[in-house]
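Right, one structure below, let's go through it.
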Amino acid sequence: MSNQKAIKDYYTAYEKKDWNILSSLLADGFIFNSPNDDHIDLKTYEERCWPNARNIKKFDIDKLIVDGDDAFVTYNGWTTDGRLFRNTEYFKFKEGKIKEVACYFGPGISFPNNITE
């Protein structure tokens with residue numbers, strides 16, 4: 001699987017609310033970072049971030065740049081209640097799996113479970 005396809009499948013997992021798709025893309029020792037999360041492991045990511053999936057309607061990828069095992073994605077995300085959020089994420093791959101994701105919140109609601117606008 002190409003790194004580009006793995007990234008697209010990562011967002012599809014959220015749209016379909018399918019943890020099995022997502023977890024199959026992640027490498028052992030997966031780490032997630034955001035302004036709210038500092039190097040959290042997979043278990044913490046599942047508990048803290050995965051619940052956002054219930055509020056995700058779709059992602060529209062604006063830019064996807066892959067350079068070997070590094071990639072940057074900027075997207076517009078849409079919640080099930082029609083709110084927009086725009087983020088950029090950095091992906092690091094190891095042996096064809098996503099090893100690390102760092103999310104940088106942009107304008108909008110920051111993350112789907114955020115109740116403020």
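When TYR14, TYR90 are checked against the criterion of being free of Cβ contacts under 8 Å to residues at least 60 places away in the same chain, in contact with a helix residue (DSSP H, G or I) (Cβ under 6 Å, 6 or more places away or on another chain), surrounded by 13 or more Cβ atoms within 10 Å (Cβ to Cβ) and among the hydroxyl-bearing types (Ser, Thr, Tyr), TYR14 stands alone in meeting it. Across the range 38-64, what is the total count of residues that are part of a strand (DSSP E or B), buried (at least 16 other Cβ atoms within 10 Å of the Cβ) and not hydrophobic (A, V, I, L, M, F, W, C)? The qualifying residues number 0. Please work out if THR74 is more than 14 Å from LEU25 (Cβ to Cβ) and surrounded by fewer than 13 Cβ atoms within 10 Å (Cβ to Cβ). Here the answer is no, as THR74 does not meet what is asked.
Readers should treat all values here as calculations from the given coordinates under stated rules, not as data from a laboratory. Keep in mind that this is a model prediction, so the values were computed, not measured. Neighbour counts are summed over all protein chains in view; Cβ atoms, including those assigned to glycine, are modelled from backbone coordinates with ideal geometry.
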